[in-house]
1. Could you calculate the FRET efficiency of residue 19 with residue 143 from 1/(1 + (r/R0)^6), where r is the beta carbon distance between them and R0 is 41 Å, rounded to 0.05?
2. So how do 87, 137, 129 line up by other beta-carbon neighbours within 10 Å, fewest first?
3. Compute, for region 69-140, the length of the dipole vector about the Cα centre, with Cβ point charges of +1 (Lys, Arg) and -1 (Asp, Glu) only. Units Debye, rounded to 20.
4. Quick one, can you get me the convex hull of the C-alpha atoms of region 87-166 expressed as volume per residue in Å³?
5. Evaluate E = 1/(1 + (r/R0)^6) for residue 94 and residue 129, where r is the Cβ-Cβ distance and R0 equals 25 Å; express this FRET efficiency to the nearest 0.05.
6. Expressed in nm to one decimal, what extension gain is obtained for the pair residue 2 and residue 87 from 0.36 nm per residue of sequence separation less their Cα-Cα distance?
Amino acid sequence: MINKQNLWFLTLFSLILILSVYYITMPNDLLTVKNTTEVVKAEDDSSTTETIEETSPLVAMRVSLEEERQNEMDVLQEQLTSDSMTSEEKNNAYEKLKYLNEIQGKEESFEKAIKKNYKIDCFVKIDNSDVNVVCVSEKHDNTLANNIMRLIQQDYDTKMYITVKFQSS
């Protein structure tokens, strides 16, 4: 007769076995992440391939913001799991975590909306009532900046302080 402990062991062992076989048979292309893209540039009659790495200022800003938010989330997670904190302090930490997740979602949705509507790569950072937008564009257009401000403001009921900066790539 198989008892519960043996049944759990066999179930977990078979799961680990299946996942390891899947991992071994998976193609190597899925495991490697490519940070470069190739652009074909036609000059006169000859065509050359130029490799561009993604080291733009937008990537640097995203990484910096992600590290800052992750550190803040780690501190809040520690507060939530701490035994010395009161329930009110834990509730405040939970609300801050929820707010940070909501802000990240809004930033991503704004970036997608700007890319979809105006075909511009951008970085959005929300800090309380301030919204900073950095767009990578050769053309610095006031009407485009106003349209981006209107696009962001329409999601809020209260007045937001929105700044739009243009950077050359």
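No value in this document is a laboratory result; all are computed from the given coordinates. As the structure is a prediction and not an experimental result, all values here were calculated from the model. Because the Cβ atoms are built from the backbone with ideal geometry, glycine has one as well, and the counts that use them run over all protein chains shown.
1. 0.15
2. Least crowded to most crowded, the residues run 87, 129, 137.
3. Its charge dipole is roughly 580 debye.
4. Looking at region 87-166, the number lands at 85 Å³ per residue.
5. 0.65
6. Difference between extended and current length: 26.2 nm.
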